[in-house]
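Trainee: I have a structure I would like to understand better, so I am pasting it below and will then ask my questions one at a time.
Nothing in this text is a laboratory measurement; each read-out follows from the coordinates by a stated rule. In this text, all values refer to a predicted model and were calculated from it rather than measured experimentally. All Cβ positions, even for glycine, are placed from backbone atoms using ideal geometry, and neighbour counts span all protein chains on display.
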Amino acid sequence: MARSEEVFPNPTVRKVIFQVRFPNLFAMESLIGDYQAKIMAQFPVSQLLVQRSLLFASVATQADEQSDGPRVMHGGPEGPTTGKIWRFSTEGEQEVVLNLTNDSLDISSVAHKAYETKPEGGGFRDRIKHAVDNFLAVTRIPLFLRVGLRYEDDGPLPGVPDGKEFKKYYNSTFSLNRFRWEDADELFFKARVRRGDHCMLYSESLKYVEENDKEKGRWQYVLDYDGYAKRVPASDYLPMTDKLHRLIATEYKKSIKEPVRKWMRRTDHPGRQQ
């Protein structure tokens, strides 16, 4: 992942996600057309999805804090509900997807390997700015309840399961003396921590992934960084996202060692271009 002064041609990042949450906007459906017109040049493909789920709350209750996925409500009678998701995306195999609901906007990309690119105009930060600036122009929301930035990294591994070699690659939280990689089917760690005024969900997992059959499977090591801040003035969303990026960059650099940096400097990985 290119999160330092050095720009790596073969970064480990496999997916990056940005999200803002806001109070339920009852007028959303009437504003969608104006918003779509503003972002259509960058997100030309559109879909309307209907999500059906169970509601466990009255309108006055709040959702549990989760980094992603459905939010389960508590405190009221059970009953079915539906929610609309307006989805906009780029064309091509490596999509950049924007999802909009009555109370959240998220952008996910497998195409971007760096937060910023030079010259300006092609980085993930530019996508965020374009999408959110136009959203604020249409909705005039004054406050975001949550601003989040998340990176998922698929890290390189030694050729065979070997705890000593693994430690040469990563500053891992795994207790490999007690739970040896050589004996494991899966190792997993998760933490929620404060970093100054911000928070971060961190997880790492090491597991064997079967593709077609076990002989063709592989070990997969995933580092997951989800930085977020609460109650952010809408005018400050981009500086806050920059801060979250720097927070994640710092944590990432603490996680990797020189063999990983050497791997990221390689240019012989087809399909892993910056």
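Trainee: Which percent of Cα pairs goes in each bin when the distances of region 167-274 are cut into 5 angstrom slices starting at zero?
Mentor: All Cα pairs considered, the percentages come to 2, 9, 15, 17, 18, 16, 11, 7, 3, 1, 0.
Trainee: Another question, if that's okay. What is the calculated FRET efficiency for E258 to E93, with r their C-beta to C-beta distance and R₀ = 51 Å, to the nearest 0.05?
Mentor: Calculated value: 0.95.
Trainee: Follow-up. How far, in nm, would the chain grow between A27 and Q51 when pulled straight, counting 0.36 nm per residue and subtracting the alpha carbon separation?
Mentor: 6.8 nm
Trainee: Related question: In region 105-201, which trypsin sites (Lys or Arg not before Pro) are in a loop and have at most 12 other Cβ atoms within 10 Å, using DSSP for the loop call?
Mentor: Within region 105-201, the qualifying trypsin sites (Lys or Arg not before Pro) (loop, at most 12 other Cβ atoms within 10 Å) are R140, R178.
Trainee: A further question on this structure: Work out how much length N102 to I85 would gain on full extension: take 0.36 nm times their residue separation and subtract the Cα-Cα distance, in nm to one decimal.
Mentor: 5.3 nm is the gain from fully extending N102 to I85.
Trainee: Report P(r) for region 226-265: all Cα-Cα distances, bin width 10 Å, range 0 to the bin holding the largest distance, values in whole percent.
Mentor: 26, 38, 23, 13, 1
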